[in-house]
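Below is one structure; the comments refer to it alone.
What follows is calculated from the coordinates using simple rules that are stated; it is not laboratory data. Here the structure is a predicted model, which is why all the values come from computation and not from measurement. Counting neighbours? That spans all protein chains shown, and the Cβs are built from the backbone with ideal geometry, glycine included.
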Amino acid sequence: MTPRFIHDGKDLRATVLGDAPDRLIVTYDHWGADKAGFPPLRAHSSYAALGFSHLHLVTRRNDWFLNRDLPGALHDIAEFAAPFAHKLTLAFSMGGFGALMVSRVVAFDRVMLVSPHSTFSPDHPPHDDRFAARGIALDFAAMAHDIVLGGPKSKADCAVLYDSSARFDAAHAAAVAGLFRAPRLVDLKGGGHPATTRLTANGKFDLVVQAITGQDFALDALVSAHCALATAAGTP
């Protein structure tokens, strides 16, 4: 498949794979220790293969999507998403902060956040210093940060997955859950960062895909598989 650009900016890119007319899923870039510019364009999407239009938002730097491209990217994403009857989003770690921003302009039906970040800055609670931000314009970032954390709570069906044994995960998860009316907090203890790392390492990422894209937003199979893997590893 050839990706289509929804937004092609200096610092942010949003591309789409698939051409489903009524079902959209939005995913996000992740923080990388050796991140050097935009990642390669994707030519395949398991979500498109399942009958979704798949929009993927990437950033040029480890800047939590907080750059001056953001207003234009949000406008273009909102415009593209508007006609879809069903809208889902799935995000991990730094991508979770991106999902919070996008959820301010797209009325998602379902939101699944895995070890999301509630802030980009270690100066803000929970004072997470694990992942350094790069290239952030602090005045703009502060304004965008306030917009993300302000405003009414989202009505989306939301699940926040986290690992209570991972430093800062539970604090971020609780803060993010507070931005939704009826969130589900799911502790995948020992899962790593992000909390589905153990599932992915054991070839079970398909359970994450099934949870967000299935007819019902059910997490039972995912949680059961995680618990079985944790028990086998002796870390229940």
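Some observations on this one:
- With contacts taken as Cα pairs under 8 Å at a separation of at least 6 residues, the chain carries a relative contact order of 16 percent.
- Chymotrypsin sites (Phe, Trp or Tyr not before Pro) within segment 170-234: DSSP coil, no more than 16 neighbouring Cβ in 10 Å: PHE205
- Proximal lysines to LYS189, defined as alpha-carbon separation beneath 20 angstrom and excluding residues fewer than eight positions away on the same chain: LYS204
- Modelled FRET efficiency - R0 41 Å, ARG181 with ALA201, Cβ distances, 0.05 increments: 0.75
- For segment 29-95: rounded, prolate or oblate by the Cα gyration tensor [a/c cutoff 1.5]: oblate
- Stretch gain in nm, segment ASP129-ASP216, where the contour uses 0.36 nm per residue and the Cα spacing is subtracted: 27.7 nm
- Gyration tensor verdict on segment 4-232 (Cα atoms; rounded if a/c is under 1.5, prolate if a/b is larger than b/c, oblate otherwise): rounded
- Axial C-alpha extent at least 15 Å, average Kyte-Doolittle at least 1.0 - helices from the chain (DSSP): 138-149, 220-232
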